[in-house]
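A short write-up of the structure that comes next.
The values are calculated or read from the model by the stated rules, or taken from the named source; none is laboratory data. What you see is a predicted model, and the numbers here were worked out from it, not measured in a lab. Note that each Cβ is placed from the backbone with ideal geometry, even for glycine, and that neighbours are counted across all protein chains shown. Keep in mind that these areas ignore ligands, DNA and RNA; they rest on the heavy atoms of the full protein, side chains included. Shrake-Rupley method; radii C 1.70, N 1.55, O 1.52, S 1.80 Å.
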Amino acid sequence: MKKEGLVQNGGEMMCPMCLSVLLIGLLWVVLFILLIAGIIWAIRLAKREGYFYRKARSADRAIAILKERYAKGEIDQKEYEERKKDLAA
């Protein structure tokens, strides 16, 4: 026996709208998981090769150049300390 608006499936009544709501809900869950995974991937990539790594590396390089210039006598101790303080900030 078939009732209007309902589909009989193996003796159980199932609403067609209920199935579509369930599928849309599952789609949102999958999209949310993909969004979170994408954010985590982007952060890991940025830490490994991106902005954070280059910034630390460039600061280390600047200190190394400053030490080299001081060792060569191009700058005096006062200037060395001032620039080192500026780079640390």
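Summary table below
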{"quantity": "Among residues of the stretch 29-57, those that are open to solvent by 100 Å² or more (accessible area, probe 1.4 Å) and modelled with pLDDT under 95, counted", "calculated": "11"}
{"quantity": "Pairs with Cβ under 9 Å, 6+ apart, first in the stretch 60-89 and of a type in the set (A, V, I, L, M), second part of a loop (DSSP other than H, G, I, E, B)", "calculated": "Leu66/Ile75"}
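Every residue, every condition in (1) open to solvent by less than 80 Å² (accessible area, probe 1.4 Å); (2) modelled with pLDDT under 85, yes or no:
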{"site": "Val21", "(1), (2)": "no, no"}
{"site": "Leu27", "(1), (2)": "no, no"}
{"site": "Ala59", "(1), (2)": "yes, yes"}
{"site": "Ala64", "(1), (2)": "yes, no"}
{"site": "Glu81", "(1), (2)": "no, no"}
